[in-house]
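Quick note: the coordinates plus some simple rules give every number you see, no bench work behind them. For clarity, every value in this text was computed on a predicted model and none was experimentally measured. Cβ placement follows ideal geometry from the backbone for every residue including glycine, while neighbour counts extend to all protein chains displayed.
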Amino acid sequence: MTLQKDNELVREIRIAARPETIFAFLVDPEKMQRWKGIKVNLDPQPGGIYKANLNGQDVMRGEYLEIVPYSRVLFSFGWEGDNSPLPPGSSKVEISLIPEGSVTLLRLRHFDLPAQLRASQGLGWDHYLERLVTVAEGHDPGPDPWAKSGTMAAKAESSASE
C-alpha cells in the first residue's frame, strides 16, 4: 500500500515472518547487507550510525534516534555528497513492525521529504522493501541489480519511465 501526505511517504507491506526475524534485518549489518547495500555500517543504539553504501556511489547516512526491539526503529536519513538534495540527517524514517497473526505488517514512514524527491525515494523504498520481504521470508533475493553501476537517481528515473 502506498500513502502520501504533504511531506511524508508511507509504505505498508505484509511479511510472512515474525517481528523478531524482520527486526534483525534492520539492525544487524550483515543481515541488512543481504537485502540493501554493498557495505553497511550500523551501530543500533540512539546516536549510533546508520550507513549503507548501495552501489559504490550512493551512500545513505543517518543515525539511529530510537529503537524499540522487535517493534520500531527510527533513524535520520539522507544521502552523502556535496550536492545532495537530501543531506544526511535532513529527513527521518520510522519503521514499525506490527504482528498480525502469522504475518507482520511493516509500516515505513519517511518524514520531512521534499515533494520533488518523493517519487524517486518511493521507488527506492519499493525496490528495497521487496528485497527485505524475500530475505525475511527465508529466501535469497539474489544480487541486487541496483548495486551495479549507476546512481540511484538514474535507476529511479529509468524505473519510472518503464
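Hey, can you tell me all the residues within the stretch 10-23 that are crowded, with 17+ Cβ neighbours inside 10 Å and more than 12 Å from the chain's Cα centre (by Cα)?
Listed by number, the residues that qualify are Ile13, Ile15, Ala17, Pro19, Thr21, Ile22, Phe23.
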Taking Glu94 and the conditions (1) in contact with a Leu (Cβ under 9 Å, 6 or more places away or on another chain); (2) acidic (Asp, Glu); (3) surrounded by fewer than 15 Cβ atoms within 10 Å (Cβ to Cβ), which numbered condition does it fall short on, given that it satisfies the others? (3)
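Give, as residue ranges, the strands (runs of 3 or more DSSP E) completely inside the stretch 1-97 that count at least 2 residues that are of a type in the set (S, T, N, Q). Show your work before the answer.
On the way: elements: 2-5, 8-15, 39-42, 49-53, 59-68, 72-77.
So the answer is 2-5.
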Can you confirm whether Lys31 is of a type in the set (Lys, Arg), over 11 Å from the mean Cα position of the chain (by Cα) and under 17 Å from Val135 (Cα atoms)? yes
